[in-house]
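Novice: Supplied in structure tokens, the structure appears directly below.
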Amino acid sequence: MEKNLGEIARLVGGTIRAEHAEVKVKNLGNISDAVEGDLIFAVGAYVEAAAQSKASAVLIPNEVKDFPLPSIRVNDPKAAFAHLLETFAKPKLNIKIGVSDRAYVGEGVKLGRDVSIMPFAVVDDNATIGDGAIIYPHVYIGQHASVGANTIIYSSATIREYCSIGKNCVIHSSAVIGADGFGFTTKDGVHTKVPQVGNVVVEDDVEIGAHVGIDRAAMGSTVIGHGTKIDNLVHIGHNCKIGANCLIVAQTGISGSTTVGDNVTFGGQVGTVGHINIGGNSVYAARSGINKNMPEGFFGAGFPVQSHAEWLRMTASLKQVPELIKAVRQLQKEKT
């Protein structure tokens, strides 16, 4: 990539000073490693560090004043930079359209137009693959499963029988969609499996990270809502209903039959009990333990979960406990 700032500003809908329009950039970079020829972005506290960097130009928010380096001002520098990464920096891969002669495609399979199925992938009987879908090596698509148009499924992922994946989804390596839910009855110390006869429905525009497990419902469907993004190493139990546009960060565990509203963010290692409702438009800080029904618009933290402000006060108070213990012991000595 070699473009001047004027061209890039038009691509991202930004504004520049006229004297910077011909400044050339060759690469997209980051603040800490930037060199001459790089374009970087900065928001919030990072704007000052970007101003001291060796980058040739910086994407910055509109409201920043008196920035010393050539810059493009935009509403959302991170989104603008992501657009440039997609346009200029994303590696171009040689994906061959068609079914490899080393793949297995079962009986009754329906394949859309321009499908790519790579070597050693298995598409089992009566599955459906939508137009433009890409199935990487060693993927297993189970019987009667469906994969929507333009979805990408990376190596070693498993889509179990009767599960449904929407359009424009990305499923990363070793994710398992539709493993049996964790259901057992116990009598006289013996655990007996409850058949898990439901499925998983993943709606459109969902991204699922590596080594994610999403369990099939005991009956009915486990549902992942439109536009939700799931990080690596997340587990979602059977019969969960996850709303649209949620963000679920690594090592989060959502227990079975939990219902999550739209636009909920779970930080890393959040855990929930099962059979609860979590209201939409909420944020839960890392390692929150959610043990009850939660309202909409909540900012939670801690275990058991509480308001983030309350958790901050409690955490600050805990730091004073050793001094309080010392004071109490001193008072006890004086009393005796």
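Every number in this text was worked out from the coordinates using simple rules, so none of it is lab data. If you're wondering where the values come from, they're calculated on a predicted model, not measured in any experiment. Every residue, glycine as well, gets a Cβ built from its backbone with ideal geometry; the counts of neighbours run over all protein chains shown.
Novice: For residue 335, which lysines qualify as cross-link partners when the Cα separation must be under 23 Å and same-chain residues fewer than eight apart are set aside?
Specialist: 326
Novice: Next up: Please provide three numbers in whole Å: the alpha-carbon extents of the chain along the principal axes, with the largest listed first.
Specialist: Taking the Cα atoms of the chain, the three principal extents are 81, 66, 30 Å.
Novice: In addition: Using a ≥ b ≥ c from the Cα gyration tensor of segment 222-287 (square roots of the eigenvalues), is it rounded, prolate or oblate, where a/c under 1.5 gives rounded and otherwise the larger of a/b and b/c decides, a/b for prolate?
Specialist: rounded
Novice: Oh, and also: Could you point to the residue in 274, 305, 258 farthest towards the positive end of segment 199-336's charge dipole, with +1 and -1 charges on the Cβ of Lys/Arg and Asp/Glu respectively?
Specialist: Most positive-ward Cα: 305.
Novice: For the chain, set up a Gaussian network in which alpha carbons nearer than 10 Å are linked by springs, and say which option among 146, 307, 257 fluctuates the most.
Specialist: 307
Novice: How large is the Kirkwood hydrodynamic radius of segment 45-119, counting all unique pairs of alpha carbons, in Å?
Specialist: Working: mean 1/r = 0.0606 Å⁻¹.
Evaluated on segment 45-119, it is 16.5 Å.
Novice: Using Cα pairs under 8 angstrom and six or more residues apart, how large is the relative contact order of the chain, in percent?
Specialist: Values: 938 pairs, mean separation 20.8, N = 336.
Result for the chain is 6 percent.
Novice: Something else about it: Note down the magnitude of the dipole of the chain about its Cα centre, charges +1 on Lys and Arg C-beta and -1 on Asp and Glu C-beta and zero elsewhere, to the nearest 20 debye.
Specialist: Values: 30 positive and 32 negative charges, 193 e Å.
In debye, rounded to 20, the chain gives about 920.
Novice: Also, quick follow-up: Tell me the volume per residue, in Å³, of the convex hull enclosing the alpha carbons of segment 5-71. Don't skip to the answer; put the middle values down first.
Specialist: Details: hull volume 5.4 nm³, N = 67.
That works out to 80 Å³ per residue.
Novice: What FRET efficiency, computed as 1/(1 + (r/R0)^6) with R0 = 35 Å and r the Cβ-Cβ distance, is obtained for residue 24 and residue 155, rounded to the nearest 0.05?
Specialist: On the way: r = 39 Å, r/R0 = 1.10.
Efficiency at R0 = 35 Å is approximately 0.35.
Novice: Let me ask another. Can you give me the Rg/Rh ratio for segment 138-183, using Cα atoms for both radii and the Kirkwood formula for Rh?
Specialist: Working: Rg = 10.2 Å, Rh = 10.6 Å.
Checking Rg against Rh, the ratio lands at 0.96.
Novice: Based on a Kirkwood Rh over C-alpha pairs, give the Stokes-Einstein translational diffusion coefficient of segment 87-221 at 25 °C and viscosity 0.890 mPa s in µm²/s.
Specialist: Numbers: Rh = 15.4 Å.
The diffusion coefficient I find is 160 µm²/s.
Novice: Past 27 Å, Cα to Cα: identify those pairs from 167/193; 65/90; 54/90, in the order given. Please list the in-between numbers first.
Specialist: Working: 167/193 33 Å; 65/90 32 Å; 54/90 23 Å.
Where the Cα-Cα span goes over 27 Å, the pairs concerned are 167/193; 65/90.
Novice: Would you please name the trypsin sites (Lys or Arg not before Pro) within segment 56-120 that are DSSP coil residues with at most 11 other C-beta atoms within 10 Å of their C-beta? Working shown, then result.
Specialist: Details: sites: 65, 73, 78, 92, 96, 102, 110, 113; in loops: 65, 92, 96, 102, 113.
Those that pass, being in a loop and sparsely packed, are 65, 92, 96, 102, 113.
Novice: Using the Kirkwood formula on the Cα atoms of segment 156-298, what hydrodynamic radius do you get, in angstrom to one decimal?
Specialist: On the way: mean 1/r = 0.0673 Å⁻¹.
Across segment 156-298, the inverse of the average 1/r is 14.9 Å.
Novice: For segment 103-163, what relative contact order do you get, as a whole percent, if you take Cα pairs closer than 8 Å and at least 6 residues apart? Present the calculation step by step, with values, prior to reporting the outcome.
Specialist: Working: 186 pairs, mean separation 17.8, N = 61.
RCO, segment 103-163: 29 percent.
Novice: Then there is this: With the Cα gyration tensor of segment 255-309 in hand, convert its eigenvalues to equivalent ellipsoid semi-axes via √(5λ) and list them largest first in whole Å. Walk me through the numbers on the way to the answer.
Specialist: Working: eigenvalues 41, 32, 19 Å².
Values for segment 255-309, descending: 14, 13, 10 Å.
Novice: Give the average over all directions of the projected area of the C-alpha convex hull of segment 71-152, one decimal, in nm².
Specialist: Values: hull surface 27.3 nm².
Spelled out: convex hull of the Cα atoms, projected over all directions, averaged, 6.8 nm².
Novice: Related question: Taking each pair of different alpha-carbon atoms in segment 272-336 once, compute 1/r for the pair, average those values, and report the inverse of that mean as the Kirkwood hydrodynamic radius in Å to one decimal. If you can, show how the numbers build up before the last one.
Specialist: Details: mean 1/r = 0.0719 Å⁻¹.
After inverting the mean inverse Cα-Cα distance, the result is 13.9 Å.
Novice: Hey, quick one: spin label on residue 310, modelled 7 Å out along Cα-Cβ, who in segment 283-300 has an amide N within reach, i.e. under 16 Å?
Specialist: Under 16 Å, as judged by backbone N against the label point of residue 310, lie 283-285, 288-300 of segment 283-300.
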